[in-house]
Amino acid sequence: MASSSYNSPCAACKFLRRKCMPGCIFAPYFPPEEPQKFANVHKIFGASNVTKLLNELLPHQREDAVNSLAYEAEARVRDPVYGCVGAISFLQRQVQRLQKELDAANSDLIRYACSEISSALPAPPGASSIQSMAPRQRPIEYNRRMGNEGGNYHAPGMPFPYTLPWNDNPSGDNNEGEGGGSNM
């Protein structure tokens, strides 16, 4: 019976209201379950242009070509001005933003790893016990030799932006350990 061997026409032939022949070039790429796929391709590129394109391609290239046409057609329906270029630009900006975030995270990770390594390292060989002492614990002679009589160092002419916790003398006189009294 003819009705039992009847196959549904492909989406292209159905959309174009023509009989779908056994050698229809659209049938393998526009199944009847996807009518919108062909509608978009036809709206953007035209059925005759797609037919010409598919006839010029080798059979193994046609599926990729139809997928590309369908993607571009859907993108053009959604965004008539930019089409898939708009989507590609959006994705490129997103990749750049994510790359910057990744670079910042890697930088933080390296900074953290370096601080962990340096705090875990023992004192360098030849370092005396005086060098490893905090500034308040060092003998005055060492501080004078190092140009660090007050127990801290800062560039000349540059004021400290904060008070130092080990500076017990708020007047700024650096005569600790030199008799402890006034110089009258």
Given a 1.4 Å probe and the protein chains all in place, what does the accessible area of Ser118 round to, in Å² to the nearest 10? 70 Å²
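Within segment 1-81, report the GluC sites (Glu not before Pro) that DSSP leaves as loop and that have at most 12 other Cβ atoms within 10 Å. Kindly include the intermediate steps, with their values, before the conclusion.
Numbers: sites: Glu33, Glu56, Glu63, Glu72, Glu74; in loops: Glu33.
Here the sparse-neighbourhood loop sites are Glu33.
Ignoring ligands, DNA and RNA, please state the percent of accessible area on segment 1-115 from carbon and sulfur, probe 1.4 Å.
Values: 4940 of 8490 Å².
Percent of accessible area from carbon and sulfur atoms in segment 1-115: 58.
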Rounded to the nearest 10 Å², the accessible area of Ile88 using a 1.4 Å probe with every protein chain kept is 80 Å²
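Just the number please: accessible area per residue for segment 15-93, 1.4 Å probe, all protein chains included, in Å².
Working: 5450 Å² over 79 residues.
Averaged over the residues of segment 15-93, the accessible area is 69 Å².
The values are calculated or read from the model by the stated rules, or taken from the named source; none is laboratory data. These numbers were taken from a predicted model, which means no experiment stands behind them. Here the Cβ is made from the backbone with ideal geometry for all residues, glycine too, and neighbour counts use every protein chain on show. Remember, those area values only see protein heavy atoms, side chains included, never the ligands or the DNA or RNA. Shrake-Rupley method; radii C 1.70, N 1.55, O 1.52, S 1.80 Å.
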